[in-house]
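A.B. asks: Got a structure here, written out as structure tokens. Questions coming.
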Amino acid sequence: MPFRKQLPSVFFMNSNRLQYLVDCIANDSDERAFDELLRFYFPGLLSFANTIVKDKWVSEEIVEDVFVKLWKTRNMLPAIKNLSNYLYIAVKYAGINYLQSRDFTMIQRKEVLDNLGDDYFFSLKTPETRLISAENLAAIAAVINTLPAQCRLIFRLVKEEGLKYNEVAQLLNLSPRTVGTQMTRAVSRIAETLAELFPEVASRRGKKAE
């Protein structure tokens, strides 16, 4: 299996494209399709792994191992209902296994899981961002990165990785209500930033509300 994570990242992936890649990988062992899948998911999974093990090099090894296993079992890909959820859960438990191998106590591992999101950097890469200038996009991302780390992580998992609230809750050991509260906080901060960047839009909405 090729492993060329040095290739440029893939920033956008709609459901039709994802399904196409999955079919190519599963049915034809298409290495180019696998490269594209890898480049799309690698940055987010790497950042997530690092919130668990706090080691960049170990995080890379964890994510690489997850993709190696994915390639080896590629014929089973169509059976995975939510690939994003599957990959993040795989990375989560690979990280926990690493902590176990380093003789972390149960209390230490719980502390790690309770603080998932530390040092997690957010970068917007959704299709909608194509309509926003690079300068404004950077401003929005900067605001999101001022949110508490766990809030940033939740926002990315929901908005960029397409996970549902209950899936994020399971992944981060939180309640769905907590996930919803964190999302509301993030969306509110983004809305405030958009109102500052595009005052004409905010004023039009205000007039409609009246």
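The values are calculated or read from the model by the stated rules, or taken from the named source; none is laboratory data. Note that the structure is a prediction, hence the values are computed from the model and not measured. In this analysis, Cβ positions are derived from the backbone assuming ideal geometry, glycine residues included, and neighbour counts consider all displayed protein chains. Please note that ligands, DNA and RNA were not included when accessible areas were found on the heavy atoms of the full protein model with its side chains. Shrake-Rupley method; radii C 1.70, N 1.55, O 1.52, S 1.80 Å.
A.B. asks: Can you tell me how many residues within the range 136-158 are part of a helix (DSSP H, G or I) and modelled with pLDDT under 80?
C.D. replies: Of the residues in the range 136-158, 10 are part of a helix (DSSP H, G or I) and modelled with pLDDT under 80.
A.B. asks: Moving on to the next point. Has the range 67-82 got any residue that is assigned to a helix (DSSP H, G or I), under 16 Å from Val22 (Cα atoms), under 15 Å from the mean Cα position of the chain (by Cα) and not polar (S, T, N, Q)?
C.D. replies: Within the range 67-82, none of the residues are assigned to a helix (DSSP H, G or I), under 16 Å from Val22 (Cα atoms), under 15 Å from the mean Cα position of the chain (by Cα) and not polar (S, T, N, Q).
A.B. asks: Something else about it: In this structure, does Pro43 turn out to be at pLDDT below 90 and either in a helix (DSSP H, G or I) or more than 17 Å from Leu153 (Cβ to Cβ) (or both)?
C.D. replies: When the stated conditions are applied, Pro43 passes them.
A.B. asks: Among (1) modelled with pLDDT of 90 or more; (2) not in a helix (DSSP H, G or I), there is one condition Met1 misses while meeting the rest; what is its number?
C.D. replies: (1)
A.B. asks: For the range 163-192, give me each residue that is open to solvent by 80 Å² or more (accessible area, probe 1.4 Å) and of a type in the set (Asp, Glu).
C.D. replies: Glu192
A.B. asks: Checking the conditions here, which among Val66, Val10 is open to solvent by less than 30 Å² (accessible area, probe 1.4 Å), at pLDDT 95 or above and within 21 Å of Arg156 (Cβ to Cβ)?
C.D. replies: Val66
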